[in-house]
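Okay, so here's the structure we're looking at.
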Amino acid sequence: MRHMGLAAGMVALVLLTAAQGTGAVEQHGDRLGQGRECSVATLRGTYGLQIQGTRPAPPPAPPGTIESVIGVNIRHYDGKGNFTQIGNDKGSVSGSGPVDREGFGTYQVNEDCTGSHELQIPGVPFLVTDRFVIVDHSREIRSFTVTPTPLMVTGVSKKISR
């Protein structure tokens, strides 16, 4: 038993050392030390968003058919909790969707730089809810879809304007 505790301690030490080597600990400590906490104002400007994952294939595909999906969007955050976007996507079964489809929504940002989006796409009968984390001094956002449940989509957004 004592040997297992020692092994767990060694693993924790290796992980901490690896995190320090990547700058993860210093960056987090630096952000807190500098008093740079996040808010809705942290997201302001235009981001390029790339998505990939899986989703239910729309009709005429048989019910229960799952397809891979990829896409790119331009999303503009207003710094006040609202965003607009223009998106394009392609499914492995359904093919390309509407070109330059508009969407809009709201977002919330927590002090720890995590947050959520609620996206409405006209003509789509449900909201898409994402969870995200803001990284690299707000130059990048990493996200994943929470609802609707059948969507298994991740996204990476990069700031394209200052």
Checklist entry - How would you classify the stretch 32-162 from its alpha-carbon gyration tensor, with a ≥ b ≥ c the square roots of the eigenvalues: rounded for a/c under 1.5, else prolate if a/b is greater than b/c, otherwise oblate? => result prolate
Checklist entry - Between residue 147 and residue 129, what length comes free when the chain is fully extended (0.36 nm per residue of separation minus the Cα-Cα distance, one decimal in nm)? => result 6.0 nm
Checklist entry - Tell me, what % of the accessible area of the stretch 62-120 is carbon and sulfur with a 1.4 angstrom probe? => result 55
Item to check | Chain lengthening between residue 118 and residue 74 when straightened (0.36 nm per residue, less Cα-Cα) | outcome: 14.3 nm
Checklist entry - For residue 39 and residue 158, what does the FRET efficiency come to when R0 = 22 Å and r is the distance between their Cβ atoms, rounded to the nearest 0.05? => result 0.60
Checklist entry - Residues in the stretch 134-156 near a label at residue 111, defined as backbone nitrogen under 18 Å from the 7 Å Cα→Cβ point? => result 134
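When averaged across all projection directions, what area in nm² does the alpha-carbon convex hull of the stretch 54-113 cover?
The number I arrive at for the stretch 54-113 is 5.4 nm².
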Checklist entry - For the stretch 61-161, which GluC sites (Glu not before Pro) are in a loop by DSSP, counting at most 12 other Cβ atoms within 10 Å? => result 111
Checklist entry - If Lys and Arg each add +1 and Asp and Glu each add -1, what is the summed charge of the other residues whose beta carbon sits under 13 Å from the beta carbon of residue 86? => result -1
Item to check | Spatially proximal lysines relative to residue 80 (Cα-Cα < 20 Å; intrachain offsets below 8 disregarded) | outcome: 158, 159
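The values are calculated or read from the model by the stated rules, or taken from the named source; none is laboratory data. Everything numeric in this text was worked out from a predicted model, so none of it was measured. A quick note on method: Cβ atoms are made from the backbone with ideal geometry, for glycine too, and the neighbour counts reach across all protein chains shown. When the accessible area is computed, the model is the full protein with side chains, heavy atoms only, and any ligands, DNA or RNA have been set aside. Shrake-Rupley method; radii C 1.70, N 1.55, O 1.52, S 1.80 Å.
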